[in-house]
Amino acid sequence: MLAEKLKTDTLVNHQQLEKMLVSRMKGIRSKLEYVELLQLFYGYFGGLEEKINPYIGINELPDYAQRRKSAALAADISALGGTPAAKATGTDLPEITNAAQAFAALYVIEGSTLGGKIISQMMARQLDISDGLGLSFFNGYGEDTDRMWTTFKQALNNQAGTKTVQDDVINTANQTFTKFKNWAEQHGE
């Protein structure tokens, strides 16, 4: 299955990005720092969604509109008194010229929802947020997270095609992780 191969073949880049982001999250002590983190995600995911949109719609993934993250990020940023940052463009993003590549990039975005509940709880605790304000992105799909992930993996597996297509998906996912790490390094301090 493509989703399992993707998990294995992107593990190194995924772990490098995750280590950097989790370290940053653990150090957040103010709502301003948290807004800066949300802006980082908004900039990258917002730009990435714009590149994905021409290739994925309701025919490829019926609940795609529900999966867009930039609106939740913008709402969280605004709720905390910030302004959404500029979106990534050009070489800050992976090349996406077909549906398989779009699904590879979306794999990275969708994967971010899996640890969201833990991150949401961590941010609420660190920033003393009791009303959930600013946590909608990390709360993701709530109780539906596992179901949404399973549905996404099924749609991703439908993209498997030939070995060349699979290699392209893996390459694009790795580029997406690496370019997100680069984006975070450039816009993170």
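Tabulated data
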{"item": "Single residue of segment 48-60 satisfying the filter (within 24 Å of Thr178 (Cβ to Cβ), among the hydrophobic types (A, V, I, L, M, F, W, C) and over 11 Å from the mean Cα position of the chain (by Cα)) that is surrounded by the fewest Cβ atoms within 10 Å (Cβ to Cβ)", "result": "Ile56"}
{"item": "Some residue of segment 30-47 being exposed (fewer than 13 other Cβ atoms within 10 Å of the Cβ) and farther than 22 Å from Arg147 by Cα", "result": "yes"}
{"item": "Filter pass, Gly161 being over 16 Å from the mean Cα position of the chain (by Cα), over 22 Å from Leu6 (Cα atoms) and of a type in the set (Gly, Ala, Ser)", "result": "no"}
{"item": "Segment 1-29, residues that are surrounded by 13 or more Cβ atoms within 10 Å (Cβ to Cβ), of a type in the set (A, V, I, L, M, F, W, C) and over 17 Å from His187 (Cα atoms)", "result": "Leu2, Ala3, Leu6"}
{"item": "Count of residues meeting criterion [in a helix (DSSP H, G or I), touching a residue at least 60 places away in the same chain (Cβ under 8 Å) and in contact with a Leu (Cβ under 8 Å, 6 or more places away or on another chain)] in segment 109-139", "result": "3"}
{"item": "Answer from Lys69, Lys51 - the residue that is touching a Leu at 6+ places or on another chain (Cβ under 6 Å) and of a type outside the set (Asp, Glu)", "result": "Lys51"}
{"item": "Long-range neighbours under 7 Å by Cβ, at least six apart or interchain, first residue touching a residue at least 24 places away in the same chain (Cβ under 8 Å) within segment 22-40, second of a type in the set (Asp, Glu)", "result": "Leu38/Asp76"}
{"item": "Residue ID - surrounded by the fewest Cβ atoms within 10 Å (Cβ to Cβ), chosen from residues in segment 133-156 that are farther than 18 Å from Phe41 by Cα and aromatic (Phe, Trp, Tyr)", "result": "Trp149"}
{"item": "Segment 136-186: number of residues that are touching a Phe, Trp or Tyr at 6+ places or on another chain (Cβ under 7 Å), among the polar types (S, T, N, Q) and modelled with pLDDT of 95 or more", "result": "0"}
{"item": "Criterion (at negative phi and among the small types (Gly, Ala, Ser)) met by exactly one of Gly81, Gly111, Gly90", "result": "Gly111"}
{"item": "Unique residue being of a type in the set (S, T, N, Q) and crowded, with 16+ Cβ neighbours inside 10 Å when the list is Ser120, Ser130", "result": "Ser120"}
{"item": "Leu80 surrounded by 15 or more Cβ atoms within 10 Å (Cβ to Cβ), more than 22 Å from Asn182 (Cβ to Cβ) and either touching a residue at least 60 places away in the same chain (Cβ under 8 Å) or touching a helix residue (DSSP H, G or I) at 6+ places or on another chain (Cβ under 9 Å) (or both)", "result": "yes"}
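The values are calculated or read from the model by the stated rules, or taken from the named source; none is laboratory data. Predicted, not measured: the structure shown is a model, and the values here were computed from it. Every residue, glycine among them, receives a Cβ derived from its backbone with ideal geometry; neighbour counts consider all protein chains shown.
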